[in-house]
Amino acid sequence: MSEATLVPTKIGPVHLGRDAYVYVRQSTLTQVREHGESLARQYELRERAVALGWDAHQVRVIDADLGRSGAETTAREGFKELVADVGLGRVGIIFGIEVSRLARNNADWYQLLDLCALTNTLIADSDGVYHPGEFNDRLVLGLKGTMSEAELHLIRSRLTAGLRHKAARGELRQGLPVGFDYDEDGRVVICTDEAAVEAIATVFRRFADLGSARQVLVSLREDGLLLPRRPTRTGRISWAATTYPAVHDFLTNPCYAGAFVFGRSRSEKRIDLHGRVITRTVAVPREEWAVLIPEHHRGFIDWPTFEANTAKLRGNWRPPRGTGGGAAREGAALLQGRIRCGRCGRMMQTGYSGTKGNCPRYLCARAKQLYGGEKGCQSLGGRRLEQRVLAEVFAVLAPAALEATIQALRDAETAHATTLKAFTLAVERARFEADRARRQYDVVEPENRLVARTLERALESKLAAQRQAERDLLTQQARRPVRLTDDELSWLNRAGADVRPIFEAPTTTFRDRKQLLRAILTEVVVTIDDDKRTAAVTITWQGGASTDLTLTMNKTGGHARATDEDTVALVQRLAAHYDDTTIAMILGRQRRRTGTGLSFTKTRVKSLRVARGIPAYQPPENVGPLEQDAVVVSISEAERLLGVGKVTLYRWLADGFLIGEQLTLGSPWRIRIDQAVRERLAPQVPDGWLKLADAARVLGIARQTVLHKVQRGEFEAVHVNQGRRKGLRINVHGHQAELFDQP
């Protein structure tokens with residue numbers, strides 16, 4: 001008995017007048033490839049439609065959803081087309097080997113049933129033909145849909161439970177990142193490709209030195225190092241230029257730390273603006289990972305290092321605008337990302353001012369920005385704070401600076417050899433690939449130009465890569481550090497070392513300085529007392545120790561770029577005796593600078609005097625040559641009063657014939673002229689008075705001894721300032737040479 005006679009009341013002329021749709025679906029491509037019998041049974045439903053009364057040209061097969069899951073309709077274009085045609089009344093009957101082929105969730109299933117009931121469309125499976133508009137048939141179809149959905153849930157539960165049970169023991173085989181393979185026993189081991197292993201190890205070493213994934217990227221690109229890749233579809237290692245995602249994957253994948261992890265990500269669904277269900281994979285926080293087994297296999301780093309690296313990467317993450325923190329950047333603010341507000345606890349922001357934008361300032365204004373406060377918490381300039389913090393840092397480093405310097409010098413050769421290994425292996429790999437390309441080119445027949453041209457281009461590319469790798473190796477070999485001998489190290493141990501010159505050297509970048517501070521400091525907490533104009537500073541060192549300081553801030557209206565007090569005191573002393581031009585000359589000779597780093601001029605000296613309330617120089621009244629009072633005059637005035645030249649005056653000062661003084665280094669001489677000095681000057685030579693040389697010869701003593709006796713007043717002496725017999729004349733009458741006076 002045929003099936004058409006069993007359901008004569010279900011199939012009518014209306015149904016036969018429409019098309020019969022055969023829906024074919026397999027959940028995965030593996031099922032399509034391996035489960036051929038099930039697929040063949042679904043295609044045989046075309047003969048069944050013909051047997052039930054439809055013409056062959058009326059039977060339409062929809063197989064666009066092969067390899068698609070029936071759990072949702074998002075990616076099932078064939079099912080969408082079927083539902084659309086049912087809604088338009090074009091479908092008389094839908095054939096499926098079972099209802100699970102049509103839908104695996106009740107939402108899609110009942111939507112199809114409602115449309116079929118409205119458009120008088122039948123549904124047929126291996127058990128019979130059903131009309132969704134009839135109560136009993138709809139009840140049966142509803143139960144089948146519910147069972148189909150429950151079946152999918154049970155299948156998934158069993159599979160997931162098995163995976164989790166095996167993962168809990170660390171025995172679940174997962175896709176391994178490049179650098180790892182499974183051995184014959186199914187254990188995870190480091191791959192045998194030395195070039196790939198060394199390249200990955202270089203990434204971790206440079207991150208330990210630089211502390212930033214971006215800096216690792218820049219460093220590797222500058223050196224021309226390639227990183228290994230292993231696509232899942234091929235499973236073969238390939239080499240490509242360094243990219244940030246590649247570096248970040250190496251640093252954040254726990255497999256490289258020797259850990260087995262299961263459940264690092266999960267799928268989330270949402271509905272987009274067009275009503276489509278979007279599935280995306282999101283990362284799961286570490287505390288929510290299903291399985292974490294440290295020391296599961298040998299890794300490139302240990303687990304504590306991995307946790308430190310991830311914490312550093314998180315600290316380098318650039319926070320939202322207006323908050324502090326982030327990686328060490330190029331700006332001059334040395335405490336960027338490490339200074340915290342002592343009032344609200346937030347990280348303080350960094351700003352810059354000045355004509356060149358190199359004057360850092362730290363401020364906490366998030367309360368005002370977020371909550372509409374009247375003003376921010378606090379702000380202060382960075383120069384004075386940084387200088388105080390650096391003084392504490394260098395004081396802490398002083399005992400360890402020498403030992404660290406010597407150790408760094410000893411490790412320089414080892415570090416260079418380690419770095420050179422990656423380039424050596426890169427050259428070896430490039431030569432191997434070039435040799436393989438040459439062998440392939442040599443094997444091809446010369447007449448087969450279609451293949452020969454392709455292999456020739458490949459050979460040229462490999463040879464160029466080999467030459468580049470060899471040039472990179474030579475460049476690195478030229479950077480070999482100078483190795484200190486034992487004698488040089490011994491001298492360094494005796495001479496000592498200082499971190500400050502290295503820290504302040506022009507070749508040391510601001511990023512390097514910040515990295516040094518971050519290796520020592522955890523954070524700096526600042527609380528400003530506006531009334532006292534002081535700031536309480538707490539320096540927290542690595543390890544938990546802390547140091548408390550009190551920083552005196554500028555008063556209202558003051559500024560940090562002020563002339564030092566020593567210079568101000570000197571100007572105050574000089575202003576009583578010299579004018580502004582002379583003071584500027586003296587300060588220039590002493591290489592003194594203003595608060596802004598400029599040299600002193602007459603205008604700047606005057607500005608400083610006015611700002612500090614220092615009175616200007618008042619020149620004395622002109623002193624006549626016959627006045628008897630003692631005066632203190634300059635070299636020029638003494639030249640006019642005494643009637644001698646400057647050279648003579650300087651010689652008298654050196655010989656002690658005149659008494660003079662200099663207020664400071666480089667200032668003009670101030671000479672004291674009194675009646676006694678005037679009496680030593682004579683227009684003519686007195687009778688019997690001798691020159692210095694003649695007096696020394698007559699007395700039988702040295703010329704310097706005669707001068708000393710003149711200075712002590714033992715000999716009378718005058719200076720003849722007129723006529724052709726100018727010069728010093730000494731009265732030696734009544735004096736005889738003595739034994740102790742002999743030269």
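Suppose we keep only residues that are among the polar types (S, T, N, Q) and in a helix (DSSP H, G or I) within the range 577-600. Which one would you say is farthest from GLY660 (Cα to Cα)? Can you show your working first?
We begin by selecting, within the range 577-600, every residue among the polar types (S, T, N, Q); these are 581-582, 590, 594, 596, 599.
When the remaining residues are screened for being in a helix (DSSP H, G or I), the result is 581-582.
Numbers: THR581: 21, THR582: 18 Å.
Out of the qualifying residues, it is THR581.
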* Regarding CYS364, is this residue in contact with a Cys (Cβ under 7 Å, 6 or more places away or on another chain), at pLDDT 80 or above, surrounded by 19 or more Cβ atoms within 10 Å (Cβ to Cβ) and farther than 16 Å from ILE539 by Cα? -> yes
* Does GLY96 qualify as being surrounded by fewer than 16 Cβ atoms within 10 Å (Cβ to Cβ), among the small types (Gly, Ala, Ser) and over 57 Å from the mean Cα position of the chain (by Cα)? -> no
* Conditions (1) closer than 30 Å to LEU517 by Cα; (2) at pLDDT below 90; number of the one not met by PRO254 -> (2)
* To do: Please indicate, with yes or no, whether at least one residue in the range 231-241 is touching a residue at least 40 places away in the same chain (Cβ under 8 Å), within 30 Å of GLU433 (Cβ to Cβ), aliphatic (A, V, I, L, M) and open to solvent by less than 50 Å² (accessible area, probe 1.4 Å).
  => no
* To do: Name every residue in the range 131-183 that is in contact (Cβ under 8 Å) with a residue 60 or more places away in the chain and open to solvent by 90 Å² or more (accessible area, probe 1.4 Å), in order of residue number.
  => ARG164
* Structure fact -> Within the range 196-230, residues part of a helix (DSSP H, G or I) and either over 28 Å from GLY175 (Cα atoms) or open to solvent by 60 Å² or more (accessible area, probe 1.4 Å) (or both) come out as ARG205, ALA208, ASP209, LEU210, ARG214, GLN215, VAL218, SER219, ARG221, GLU222, ASP223
* Residues (outside any helix (DSSP H, G or I) and open to solvent by 30 Å² or more (accessible area, probe 1.4 Å)) located in the range 106-130 -> ASN120, SER126, ASP127
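A quick yes/no check of all residues on (1) more than 30 Å from VAL389 (Cβ to Cβ); (2) open to solvent by less than 40 Å² (accessible area, probe 1.4 Å):
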{"position": "VAL247", "(1), (2)": "yes, yes"}
{"position": "THR252", "(1), (2)": "yes, yes"}
{"position": "TYR256", "(1), (2)": "yes, yes"}
{"position": "ARG270", "(1), (2)": "yes, no"}
{"position": "PRO285", "(1), (2)": "yes, no"}
{"position": "LEU313", "(1), (2)": "no, yes"}
{"position": "LEU335", "(1), (2)": "no, yes"}
* Please state which of the following conditions LYS606 fails to meet, knowing it meets all the rest: (1) in a loop (DSSP other than H, G, I, E, B); (2) at pLDDT 85 or above. => (1)
* Asked: Among all residue pairs at least 6 apart or on different chains, which show Cβ distances below 7 Å where the first residue, located in the range 567-589, is open to solvent by 20 Å² or more (accessible area, probe 1.4 Å) and the second is among the polar types (S, T, N, Q)?
  -> GLY588/SER599
* **Hey, ARG76 open to solvent by 40 Å² or more (accessible area, probe 1.4 Å) and among the basic types (Lys, Arg) or not** => no
* Can you tell me which residues in the range 150-196 are farther than 17 Å from VAL261 by Cβ and in contact with a Phe, Trp or Tyr (Cβ under 8 Å, 6 or more places away or on another chain)? -> VAL189, ILE190, CYS191
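Results for (1) at pLDDT below 80; (2) in contact with a Gly (Cβ under 6 Å, 6 or more places away or on another chain), shown as yes or no for each residue.
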site	(1), (2)
PRO501	yes, no
ILE528	no, no
VAL537	no, no
THR563	no, yes
LEU570	no, no
* To do: Output yes when any residue across the range 25-36 is small (Gly, Ala, Ser), more than 19 Å from ASP137 (Cβ to Cβ), in contact (Cβ under 8 Å) with a residue 24 or more places away in the chain and open to solvent by less than 10 Å² (accessible area, probe 1.4 Å), and no when none is.
  => no
* Quick check: anything in the range 311-328 closer than 25 Å to ASP529 by Cβ, at pLDDT 75 or above, assigned to a helix (DSSP H, G or I) and not polar (S, T, N, Q)? -> no
* So is GLU287 part of a helix (DSSP H, G or I) and either closer than 23 Å to ALA195 by Cα or not charged (D, E, K, R) (or both) or not? -> no
* Boolean, ALA103 is under 19 Å from ASP63 (Cβ atoms), outside any strand (DSSP E or B) and within 60 Å of the chain's Cα centre (by Cα) -> yes
* Quick check: anything in the range 62-69 of a type in the set (Val, Ile, Thr) and without any contact (Cβ under 8 Å) to a residue 40 or more places away in the chain? -> no
* Take the residues of the range 451-476 that are within 11 Å of PHE423 (Cβ to Cβ) and in contact with a Lys or Arg (Cβ under 9 Å, 6 or more places away or on another chain): which is surrounded by the fewest Cβ atoms within 10 Å (Cβ to Cβ)? -> GLU470
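The values are calculated or read from the model by the stated rules, or taken from the named source; none is laboratory data. Predicted, not measured: the structure shown is a model, and the values here were computed from it. Every residue, glycine among them, receives a Cβ derived from its backbone with ideal geometry; neighbour counts consider all protein chains shown. With ligands, DNA and RNA removed, areas are computed over all heavy atoms of the protein, side chains included. Shrake-Rupley method; radii C 1.70, N 1.55, O 1.52, S 1.80 Å.
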